[in-house]
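Working notes for the structure below.
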Amino acid sequence: MVTLDPKLPHAWRNLAAVCQELGRWDEAATALRRAIDLAPADPEARFGLAAALVALGRERAAIKRLRELAKEPAHRLRALSRMAIIDSSSLTGDEADEMSAAASNEAVPSETRIALWFALGGVREAQGRDTEAFDAFAAGNALKREALEGAPPGQRPQDILRDHAKAAEHVAKVMAAYVVRSEKPDAADIAPIFIIGMPRSGSSLIEQILASHRDVVGLGETAVLPQLLERAYPISAGQEFAPRLAEIRAAYLGALRDRGWDGRRRFVDKTLENFLHVGAIRRMFPRAIILESRRDPADICVGCWRQLFNRGSETLYDLREIAAEYAIFARLMKHWQSTGEGIVPVSLEELTSDPDRQIRTLVTEICGLLWDPATLRFWTAERAVQTASAVQVRRPPSISVHGRWRRYENQMQPLLEVLAPFRMHVP
């Protein structure tokens, strides 16, 4: 469309959306700038460019764009909430109080209030006002869950494995179907790197470290493999394992080339949902390195609860249910370990406490790469990051991520009770 009529701003916006889906954030930013040149007042293009700049590691430029949007009454609250998520220190005290007043105002649209509560939780947390932070996150989660309950059929939490009994049944079918007998590895075969785990477990940090290596390309959360497998092999039907793995593998690798893989370097796919598909991965790629991103379960669950996800993760807006999701995940991981699938755990706490030694182990011993000192300065790597941790992975490793749940220990007893069996070895 932009070739037929390069003066259509919405066509440039659509092109940017396609580029974002493919992980081509430089191209997305270029397309959005062109859209803004053609329609300077277009708020969606302007907010979109700010998001692209964050993905590209240009947080200051993004905040500058949002600061301009915040001058316009129609976009002020949305801009302030985005700024707070990028860097809570970018807001003044008066602006934080303004956000609080608007979030409490039922006349403000629900979607805006949800974003404000989550952003305000981060601001109050940074200020050390933990009780207020907890209350803000609680209000945001409650509103978000209420909005999801009222969503059209197919988009409600209960329609997306909301019933944890059904989720457990789904996992049981995966376990029964994927009794894996891995093929003998061929030394000439490729050795992709997959990162699996729960959200907020440190997977983006692991990918950022590996993607800093000269011989590795990080592709982010592609979501390609789950889509291909579910189409070819509906687990819910209880079938035997589909005999189309060669076809699926070819389609998968072709999709990765569209996303920037050159067919030569090792690639990292950090689609967390692939924890359901370890059996298929091992059959398709016998030499694959499968890393499980690990973190204290309490910090994982609190991390999910304090995060407003852009899309998906509809079941992660209630502490008890987040804990139940974790229990289901842990059950399947225990199954994969019992089948000898060679999943390697990578601890966020260890990685951030002793980065020099742990990064060397990850790069050379676990992933079998030649040593590249650039991985020790992973936060300086120039690459796009499209996750909730885009800002954090561009900073040196810090132990400040350890034990965040303790801020809310008094309010979290129900969650801790559910997680107790999974935290036996956590201090």
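For the reader, a short list of remarks on this structure follows.
- 2 or more residues under 21 Å from the mean Cα position of the chain (by Cα): qualifying helices (runs of 4 or more DSSP H) within the range 260-366: 278-284, 297-305, 319-338, 348-353
- Inter-residue pairs, beta-carbon under 9 Å, first within 24 Å of I290 (Cβ to Cβ) and in the range 363-384, second surrounded by fewer than 20 Cβ atoms within 10 Å (Cβ to Cβ) and among the hydroxyl-bearing types (S, T, Y), 6+ apart: L370/T364; W371/T364; A374/T380
Yes/no matrix, rows are residues, columns are (1) farther than 26 Å from L370 by Cα; (2) among the aliphatic types (A, V, I, L, M); (3) modelled with pLDDT of 90 or more:
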| residue | (1), (2), (3) |
| --- | --- |
| V217 | no, yes, yes |
| T222 | no, no, yes |
| L228 | yes, yes, no |
| P234 | yes, no, no |
| P243 | yes, no, no |
| A246 | yes, yes, no |
| R266 | no, no, yes |
| K270 | no, no, yes |
| G279 | yes, no, no |
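- Test: residue in the range 387-400 that is more than 27 Å from V54 (Cα to Cα) and either in the same structural domain as I86 (by TED's automatic domain parsing) or without any contact (Cβ under 8 Å) to a residue 60 or more places away in the chain (or both): no
- Within the range 351-360, one or more residues are of a type in the set (S, T, Y), in contact with a helix residue (DSSP H, G or I) (Cβ under 8 Å, 6 or more places away or on another chain) and under 19 Å from G197 (Cβ atoms).
- Looking at R34, R60, R65, just one residue is over 29 Å from S88 (Cβ atoms) and modelled with pLDDT of 90 or more, and that residue is R34.
- Helices (runs of 4 or more DSSP H) contained entirely in the range 49-123, each with at least 1 residues that are surrounded by fewer than 23 Cβ atoms within 10 Å (Cβ to Cβ) and assigned by TED's automatic domain parsing to the domain that holds V391: none
- Residue in the range 357-408 that is farthest from G218 (Cα to Cα), counting only those that are charged (D, E, K, R) and modelled with pLDDT of 95 or more: R357
The values are calculated or read from the model by the stated rules, or taken from the named source; none is laboratory data. The model shown is predicted, which means the values in this text are computed figures rather than measured ones. Every residue, glycine among them, receives a Cβ derived from its backbone with ideal geometry; neighbour counts consider all protein chains shown.
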